[in-house]
Structure formats: C-alpha cells, structure tokens
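The values are calculated or read from the model by the stated rules, or taken from the named source; none is laboratory data. Since we're looking at a predicted model, the values are computed, not measured. All Cβ positions, even for glycine, are placed from backbone atoms using ideal geometry, and neighbour counts span all protein chains on display. Calculation scope for accessible area: heavy atoms of the full protein, side chains included, ligands and nucleic acids excluded. Shrake-Rupley method; radii C 1.70, N 1.55, O 1.52, S 1.80 Å.
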There are 2 protein chains.
Amino acid sequence: MPSYKAPVEDFLFLFHELLEIEKRTDLPGFAELTPDMTGAILEGGAKFCEEVLQPLNQSGDEEGCHLENGVVRTPKGFKEAFKAYADGGWNKLGVAEELGGANLPSVITFAFSEMGSSANQAFSMYPGLSGAALGALWATGEDWMREHVATRMADGDWAGTMCLTEPHCGTDLKLMKTRAVQQDDGSFRLSGTKIFISGGDHDMTDNIIHMVIAKLPNEEGKYVDDLSTVNFFMVPKMLVDPATGEITGPNSVSTGAVEKKMGIKGNATCVLNFDNAVAYHLKGRAPEKKADDGKVVKSKSAGMAGMFGMMNGARMGVGIQGIAAGEVAYQNGVAYAQERLAGRSLTGVKNPDGPADPIMVFPDVRRLLIGSRAFVEGARALAMYVSFLFSVARSSADEKERQEAEDLSQLFTPVIKAYFTDKGFEAANASMQVFGGHGYIRDNGMEQFVRDARINQVYEGANGIQALDLVARKMTAKGGRATLTYFAKLEAFIKENEGDAEMAPFVGPLKVGYGRLGEAAGWLMQNAAKNYDHAGAASYDILNIFGTVTLAWMWAQMAKLSLAKLKAGTEKQDFYKRKLTLARYWMEREVPMTAGWVERAKAGADGLMELDAINF
Amino acid sequence: MPSYKAPVEDFLFLFHELLEIEKRTDLPGFAELTPDMTGAILEGGAKFCEEVLQPLNQSGDEEGCHLENGVVRTPKGFKEAFKAYADGGWNKLGVAEELGGANLPSVITFAFSEMGSSANQAFSMYPGLSGAALGALWATGEDWMREHVATRMADGDWAGTMCLTEPHCGTDLKLMKTRAVQQDDGSFRLSGTKIFISGGDHDMTDNIIHMVIAKLPNEEGKYVDDLSTVNFFMVPKMLVDPATGEITGPNSVSTGAVEKKMGIKGNATCVLNFDNAVAYHLKGRAPEKKADDGKVVKSKSAGMAGMFGMMNGARMGVGIQGIAAGEVAYQNGVAYAQERLAGRSLTGVKNPDGPADPIMVFPDVRRLLIGSRAFVEGARALAMYVSFLFSVARSSADEKERQEAEDLSQLFTPVIKAYFTDKGFEAANASMQVFGGHGYIRDNGMEQFVRDARINQVYEGANGIQALDLVARKMTAKGGRATLTYFAKLEAFIKENEGDAEMAPFVGPLKVGYGRLGEAAGWLMQNAAKNYDHAGAASYDILNIFGTVTLAWMWAQMAKLSLAKLKAGTEKQDFYKRKLTLARYWMEREVPMTAGWVERAKAGADGLMELDAINF
C-alpha cells in the first residue's frame, strides 16, 4: 500500500525563505501570512490529505464510478470525504469573504491543491472543478446566482462542472454543436451533448451546477462555426427558484455514460446530454466597454471572457498535478529502494549483516529518484513563484511590477502545464521502475500513479497545444515583451552571481542553458514569420528548453540561498545540503539536454512536412 | 476500436533488400528463403495475427484472467485461438524437425513474434513462453522428456512456463528460497513459491510444464545463498508417466493468485506454490567439459547453462515487443490524425471543403507520428540484422565471421531489450497523445497499448539492469572485443560513404553520433576502473547513445539502399521516399540528443552518491 507525507517543510521554505511572502504586506492578505500562520494552514491541510483523502485513493481506483439508474455512484467513502472537505473549510481557502471564504492568496490554494492531488487526484478533482465553476459563476453570474447558487457551492452543499468538450471537438471549440435557443419570454433552453465532464454527475451533493458553453445564433439568426457565437451558460442539474434558491425539480440534463478510463477512475467522467434544458445566459458582470481596437465588446459574450479568465488558473492547477504525481511516486520509490535488498554495491558491500544491499546503493536507481525529486522541488519553486505573481499582477500598487507579473505568469503558464505534466509522468514512471516487476502489480499502487498522471498531459489543452501557445503567442505577443522581461531577469541573476566561486557550478550551466534558450528564441523570431510551420515544428523542443532552463534558474536561486544558510550555520543541515545535491543534479544532468533540443528546433519543419498525409 | 495491419512489406524489404538473406545459402535453411517463400509465410502469419489474435486483444484486456476453484480462466476466445495457433503450426516455425517443426531461422520467428505481439501481446506470451520452455527442455532434458513431453509441447497440446522470480528476489537469484530435496530413490521433490509466472496456469491445455530454478544443498549439505547451488528442474503441473507419456494425476503445484496488473491482463501472471512437488533435475545434454579456467563444469548445473542460453533470445523477444507496441500504436495514431478535424493548418487551409483541417497538418502531430515510425522501422532493421547474426553465429563455416556475429549479437542484446522497450513505450504514448482526451478512454484502445507496453521495460531484467550489463559486461568483455568490432564496422561504413554528396545528410550525423559514442566509451574505459559507480552512473546515458547511434547506422544503410532504388527507378516510389523521410528524421531529431547524453555520462557518479540514503 502506498503512503504519502505532505511536503510542508518545502512549502514553508519556498514561502518564507525563497519568496519571503510575509514581507509583501502591500498585497491583500499577505500581512497575515507569517510562518506561524502558513505553517498552521499547511499542517492542517496536510493532515486532512494524508488521513482522509490518501486512504481512499487506491480503493477509489479499484471501485471506480458507476452509472446506476441514471445516477452516478462514486466510490465508497467519497461522499463522506466530500462532506469532511467542506466541513473543514478546505474548499473555501481562496473563496471571497462575501461567501464566507478565507480569501487566501493563490500560493496557499495551489499548495493545498498539490497536496490534495498527491493524496488523491481523482477525488480532488471534484472540489477542484466545483471551485472553478464557482469562480466562473462568481465572475459572470447575476446577483440571484451569487446569492442562492454560489453560496451553496461555496458551502459544498452543491457541486459544479465545466462543460466545454463535445464528441467531435475539444480544442477547436468553434465547431461545437450545442445550441441555446432564446424563448419568447427571454429565457434560454440548451440542447447538445458534452463529453469528458469531470464530476459530471455524482451522489455527493443535492445539486450540480453545470457551467456550459454553447452557441447562440449570429446576427442573421443562423448557427455558424464562429467562435464569436459561443456563449456561456449556467445549467443546473436540479432547477433552482431564483427568488428563494429552493430546488424545484429536475432539469433536462441526463448522464449518457460514465467513461471507462485509463486512470483517475474515482472521478466520474461523464457524457452529459442536455435536452432543451433550462439555461441561464451569463453575460458577465463588467459593464460594456471598448476593446483595444475600439470595438465595443458585446455583452452577450462577455461571460466567455470571464470563463477564459479562469483558464490560466486551471492550466496552472494541472501543471501542479504533475508535480503532485511526481512527489507521491517519488516518496514511495524511495521507501522501496531503502528496503528492497538485491545484489551488492558496485564499490563493495554496504549492508554486511544482510543477505544483499538495499538497491539504493545503485547509481542508476539513485538517478531515477534524484531526477524525480529535482524536478518536483524545482517545479514546486516555480509554481509557487508564479502563484505569487498572480497576486502581484492582481494587486500590486506598482503598475510596472503589475504588468511584469502579468506578462511573466502568462508566459510561464503553458510551460507549467505541459512541461510539468510531462516530467510528472516521467517521475511516476521512474519510481514505478524502481519497483521492478512489483511496480506493475496493482496492489502496490505505483502503476496507478502512472495511469493517473497520464491524464495531465492531455486535459486542459493537450501538451502540444501548450507548446504552440508558448511559441506562437506567449513568447511573441506584444513584440516579445514577456520574453524580454524574463530574459532580463535571467541575465541580471547570472551577472550578479557569476563572480561567486561557490555559485559557479550553478551559474555556469544556467548561463549555458540560457544561451541555448536565446538561440532557440532567436531562430524562432527569424524563421517563424517565413513559415509558421517552423514554429509548430520547433514548439516542443523550445518548450523543453524553456522548462529546463527555468527550473535551472529556480535551482540556482535555491542553491544560493542554501549556501548562505549553511554558511550562517543552521539546524537544517540535511535540508540545505539536499537542495545543493538536487541543484547539482539539475545542472549536471538536465541542462545538458538543451544541447540536443536546440539542434532539433533549428532543424525546422521541412523534414516533418515533406511526407504526404496518405503516405504515413 | 483499434486495428492492425502487419508490416509484411517492410519485413520483405529487410530480408531481401537490406540483408539479402537468400544469398546466404551456406546457412542452414536459408537457401529456401526466397522472397516467394518468406512472403507466403509472412502473409499467412499476418492474416492469422490480424484476423484471429487482434480481435481478442481489447476483449482480453477488459475481461482479464480469473482464478476460479483453483483453476485460471483465460478470456473468452483465448482457448480457441491457442488451438488455432497450434493447428496453423505457428508455434512450430522455429522448432526442430525432429519435433515436426519447420526449423526456420530466427529472422522468420522473430518477425512473426513481432506481428503476434502487435496484434495481442497478452495472448502471444502464452505460446511465446511455451516455446521458450520447450527450447530449454529440448536443450537440457532427458530422452523420455524429449519423446513424451517436448512433443506434446511442440504440438500445442501442452504449454510451458519459466519459473524464476520469487517474492523477495528477481534479479538477485542467489537469494532464492525454493529448494529441491533429493529422495532416497534419487528422485527430487521441490518446494517454494514463484511469482510473476506468465501463463502460470490456464485452461487452454491439458498440462503445463514448469521449468523451474531451485536450490540444491552445497557439498556440506546446506542450502546457501550461492548461485552455484541454483539448479534447473522440470515440474509438470500434471504428472507424466516417463514410460508412456500418459498423465497420471496432479502434481503438488497450486496457483496462489492471479495478479491484478497494469496491463497484459489477458495473460495470467500467477503466484505458483510448489509443495513437495515431483521435480526432474535437468543436467543438460552436453557431456562434462572443462571451462575456460580449466575447472570441470559440474554436470548438476549444466542445465542452468542451457537455461541461460535461452535468455539472450528472450531479451531479444522483449525488445521486439517494444517495436510491436510502437507499430500498432502508430498505425492507429495515423488513422486518427487523418480523420480528426480540428483547427486549420498554420500555413493556410488544407481542407477547404471541411469545417476544419485534419490534425495531420500540424507539425507537432507529425513529429509524434514520424518519430514513432522512425524508431519502429529503424529498430526492426536492427532486430532483423541481429536475428540474422544469431544464425551466422550458430552456423557460419567461417570461424571469424561466427565469432564476430556472436560478439555483436551479445553486444546488441541489452540495447535491443532496454532501448527498444523505452522507445516503444514512448511511441505508444505518442500515438495516445495524438488522440488527445479520446486516447485516455478505454474503448478507443490507445491506453491499452501504453499499459501493455509498460511491462516490457520491466520484465526479463529491468532496463537499468540491461544498461549495466551493456557497460559493465558486454562493451568491456574480452578487452572490449565486441565494441571494437562494432566500431570498425561503423568506421568502415562512414569512410565508404562520406564522399557521396547524396549520403551527406545521413553520414554526417552518423559520424557525429559515432564520435559521441566513442567519447562516452573512452570516458568509461578511463573512469570505470577507478570507481565502478561511474559505470553505473553513466550506464543509462551510454545505453541511449548506443541505441540512437546504432539506429542511425541502420537508417544510413536504408537511406543508401533507398537512394539507389529511386535512382534505378522503382514502382515503390512512396516506400523508398518514406524511408528517406524517416532516415532524415532520425538524423535531424534523434542523433542531436546524444550531445546531452554524453555530457551527462561524463558527469560521473559523485553527484548521485553524495546524498546519504536516509536523506532521500
């Protein structure tokens, strides 16, 4: 049976030593984030994840979800855990104070979401998606929805979903067929089929609020394949009286199927059929305003803007699921490597009293484990840094800092989504590999981590789409402003530290990696405009360079801090020494791979495009 | 529902154009291997795999194997397919003529095994393991076993297994606890628990012949942790009368459990309990002889030598399962990419009559697919070359050629096992990724390819063990003789072709890759002796360089041939042009990665070993 211990110590290191969040008293809510406070919140969250969620992870996978008489049954214990989650207030960490929430900044909410996902990814998606739906409703809904619906969702009495994908379209949403029809009384009815709806139905709450995108007719009254006709609607599973908030009966929403999937089996992935269902058009709460190009943003699609606003956070959340998968798999891989006896160290017996040495003595086993941990802790540092930037972007009084934070968080988001989930899958596989044949056996739990982690590369925009978003939009938008901001930060760090002999093993590789990132970016600028396929062909390699170099930057910063702490004398010797080992690993064994990726990127598109589709 | 079309055309290209096997009339059985003959065999095998095995792949995964009243029930249709397999003679392709087999060389048997594994890996393991058990019995068994047991196995009336692993030991077999005790009448009884026994029990045959390793007492009569006390036994599930071959009743072998696994669920992976079971000691058929060091090889362990002799073939077979997984996943990925409509090409609309372009227009989707195919066809070329070397090593009249073939096939075997199965898993994941969210849904079959392919990296010696075998044994044995032989071949090819302008895009990268392989090998020679952990730390990177460069060598040879065919004029224009595209891919996008691996290899062991085990 696998186990999990939440990495609270590492979060506290990131919050209070690397980011020093408590010093940003100018940002709302940050003044209260003293180490005592964050420690108490994280310890409480850790206890809940370790003791309530983790024990249901394997049983939830084995039992799965079942559609019985039109209702989805979740695995044993999930309903009680969902109630305990709400009772503990864990779903309200980041919720607005008007809703009774703690309104804590996203460093806290994302830290908690990592722990929840490590403990039980399939379960954590239910409150996670409900929270996303709540956020979208809060941003776009009318007053009665805030009063009667959002409150119930915040209390965990009701759940929520996000309904985007249809059988024939996911990424290309303009092709969607789900339609909303305005009735004579001005209300809307919605019809269509949505698929891959996480938590689309279940038995844990009395109602489920579906946040659905669907088409309205264009100005000629026709339904067309045009993204501007896609609108945002609230469709409750059970109808709600707008005046009182009482449930008045079922809406025309039915569950067509619960998908059988590779993993996250404890989460009900549903096909939902909307059959002339009562729908509420979400026009957004912001007043009409002129866009950059002078056009008036039509109020009918303003709700969509509200919804898309949520999606950066959602991609961040999925990236963090990649970290979460790597963390829990790593912990169990280490436990096995310390216990399992086989063979003898290549450099002489290490366990003379035993029949063999623990396999931790083998360099290649250590490579698998250290590689995973170096990814996990480097990625966690970047995730917390970007979570912090979210707050800066929203609330800093300094406009330049605000804009930089917005630019950087936009730039890093597709990297976090795609690179972290690829590496998280790799880490889950690495720890499964440490188990040898025992890793392939379901009872041992390792293969579940692999199956669960695999979804992260796919949902919330497949990783190839993220890579394209990075090179074709985020790196190049506004004349590459975000890229230049980031590169200036990298250069400043390198310049500041390259004279320091102790930092040389870290700054040297960072500089090499940064050189290759710059080389790839320069190639992109010169060649993409000539042939956009070059951008597509190079996108994944550039994503990998970007992710590797950015974690090298985080590791160099953590190494600097660790060197200072060790020099100053600290009781946590092992903690900082390990950070240096992990930083060394990243520089010695991950940064070198950028050499290959930059060559690949510069190979361009011709070799990929020369074959006719029919000849594949 | 996934589909499969066996790559017969590619096998025929490899046999008759690249390897020109029919010209080796000096090798037994090769004179008959005309294109007509091999084509007929492969077409027949393809038809069987496509029509009988493939349709049972997904249903076998869904149903799995179940232990009912002590007997394992295989999925619906497996028993009939096993009979059809035997009736078609597919289990006798490589079997000795004395047993009614076709005695065909391993190029044919491995080609067929790739097709069977693509069609249905879980099923193909039953006849595959039976064949391995038969081979071991034929090599080591007494006359009555050949007459009464091997014949039944060859006919497919009885099946067989290989029983090595125990709960606490897999790789480190000297720790095993299973013991054989000689009775007063000279016979043996065997007791212990074996795990991970593929096809350990099932309902497809009347008897199962277990080939078991177990300990005998040492000269002082004690059971000790010493590999020299491990011996080889035949333990039938049902007892057999040595005089008549009749089944006389059950032996004391029971199935403790059928493991629940990540994949290959149609194959029964059993825990087998031997409780004072009747066992036959296999001493091998060769007369006693002196080993290299002058010691007399004890007859009691000669059977072990016979068994280990099988293991090179088994590792080769697993490597080919990696190719098989990549091939079938690729085919289905292509079909989806050609059909699925989403978005528009980055360089303008390609499907103006449709609502969107097929996703095959996107460079990153092509990267995923071409990468898989370039691996699959390069790996198949190497696998068939090494299969051919097996025959040369066994039967060439030229002693130098025989020795070289033996050296090279030994050298390449761990690479084929580990590198091919890693890349096969990667290819299965790549094609699953092409499906986006639909790849995660079980009905579509893509995630099964990933789950099934994952075992290949684990069984028959986990890939880390293969990497260590490569650097610590195969590359360095006999003063690095095999390595030097291989490098001479690479150098000769480069020298012969580097003046050819058309070959420059292939020879240039091959030369670069070879340079890095040489650099890594040189580093290993200089540093491993100082500290063996350096070999362990560098092993996986060297494995990756070795695999990548060796496939580059195969691709350069195939490119040369394709250029010549196109120049000479051929009806198969598309076939040879595609080979050039795939060769280009390998040179442009795989060889560059060797730059990173060689740096990693040279980083040495210190960074991996500095952390105390307790601080992981």
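Evaluate the relative contact order of chain B (contact order divided by residue number), counting alpha-carbon pairs under 8 angstrom at least 6 apart; express in whole percent.
With pairs under 8 Å counted, the relative contact order is 12 percent.
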Hull volume per residue for region B:399-440, using the convex hull of the C-alpha atoms, in Å³ is 52 Å³
Result for interface chain A to chain B, accessible surface buried in total, 1.4 Å probe, Å² to 100, stands at 8400 Å²
Tilt, helix A:35-48 to longest principal axis of chain A (alpha-carbon atoms), in degrees rounded to tens, equals 70 degrees
To the nearest 0.05, the calculated FRET efficiency linking A:Asp612 and A:Glu32 through their beta-carbon distance, R0 being 60 Å, is 0.45
With the convex hull built on the alpha-carbon atoms of the protein assembly as shown, volume per residue in Å³ sits at 179 Å³
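Rounded to whole Å and ordered largest first, report the semi-axes of the equivalent ellipsoid of region A:351-460 derived from its Cα gyration tensor (root of 5λ). The partial results should precede the final answer.
Numbers: eigenvalues 296, 57, 17 Å².
They are 38, 17, 9 Å, listed from largest to smallest.
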Counting only DSSP loop positions in region B:498-581, the GluC sites (Glu not before Pro) whose Cβ has at most 16 other Cβ atoms within 10 Å are B:Glu498, B:Glu571
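What FRET efficiency would be calculated for the residue pair A:Gln338, B:Glu17, taking the C-beta separation as r and a Förster radius of 41 Å, to the nearest 0.05?
For A:Gln338 and B:Glu17, the calculated efficiency is 0.20.
Grab the alpha carbons of region A:8-138, take their convex hull, and tell me the volume per residue in Å³. Please list the in-between numbers first.
Details: hull volume 14.7 nm³, N = 131.
Measuring per residue, one finds 112 Å³ for the Cα hull of region A:8-138.
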Descending accessible area (1.4 Å probe), largest on the left, turns B:Tyr459, A:Tyr440 into B:Tyr459, A:Tyr440
With DSSP loop assignment and no more than 14 other C-beta atoms within 10 Å, the trypsin sites (Lys or Arg not before Pro) in region A:17-103 are A:Lys76
Between the alpha carbon centres of region B:336-365 and region B:1-25 the gap in Å comes to 32 Å
Expressed in nanometres to one decimal, the distance between label points 7 Å along Cα→Cβ at B:Glu491 and B:Lys260 is 5.8 nm
Per DSSP, the loop-located trypsin sites (Lys or Arg not before Pro) within region A:459-555 having at most 15 other beta carbons within 10 Å are A:Lys530
Over 21 Å (Cα to Cα) among B:Lys215/B:Lys283; A:Lys474/A:Lys602; A:Lys417/A:Lys602; A:Lys265/B:Lys260 -> A:Lys417/A:Lys602
Filtered hits (aspartates and glutamates, Cα-Cα < 12 Å from A:Lys177, offset >= 8 within chain) -> A:Glu166, A:Asp225, A:Asp226
If one compares the long axis through the Cα atoms of helix A:299-339 with the longest principal axis of the Cα atoms of chain A, the angle in degrees, nearest 10, works out at 40 degrees
Check: in region A:1-146 the Lys pairs 8 or more apart or on separate chains whose Cα atoms fall under 19 Å apart number 6
Once Lys and Arg are counted +1 and Asp and Glu -1 for all other residues with Cβ under 9 Å from that of A:Leu33, the total becomes -1
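Mean shadow of region A:62-209, computed from the convex hull of its alpha carbons, in nm²?
It is 10.8 nm².
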Expressed in angstrom and rounded, the centroid-to-centroid distance over alpha carbons for region B:545-598 and region B:33-95 is 33 Å
Across 10 Å bins beginning at 0, the whole-percent shares of Cα-Cα pair distances in chain B come to 3, 15, 26, 27, 19, 8, 2, 0, 0
Region A:398-475 and region B:193-213 have their Cα centres apart by a whole-number Å value of 41 Å
To the nearest 10 degrees, the tilt of helix A:399-434 (Cα long axis) against the first principal axis of the alpha carbons of chain A is 70 degrees
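Run the numbers on region A:8-138 and let me know its relative contact order in percent, using alpha-carbon pairs under 8 Å that are six or more apart.
Taking the mean separation of contacting Cα pairs over the length of region A:8-138, I get 22 percent.
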Given a Förster distance of 30 Å, the FRET efficiency implied by the Cβ-Cβ spacing of A:Lys530 and B:Gln573, rounded to the nearest 0.05, works out to 0.55
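How big is the dipole moment of the protein assembly as shown about its Cα centre under a simple scheme where the beta carbon of each Lys and Arg is +1, that of each Asp and Glu is -1, and everything else is neutral? Debye, nearest 20, please. Walk me through the numbers on the way to the answer.
Values: 130 positive and 156 negative charges, 330 e Å.
So the dipole magnitude of the protein assembly as shown works out to roughly 1580 debye.
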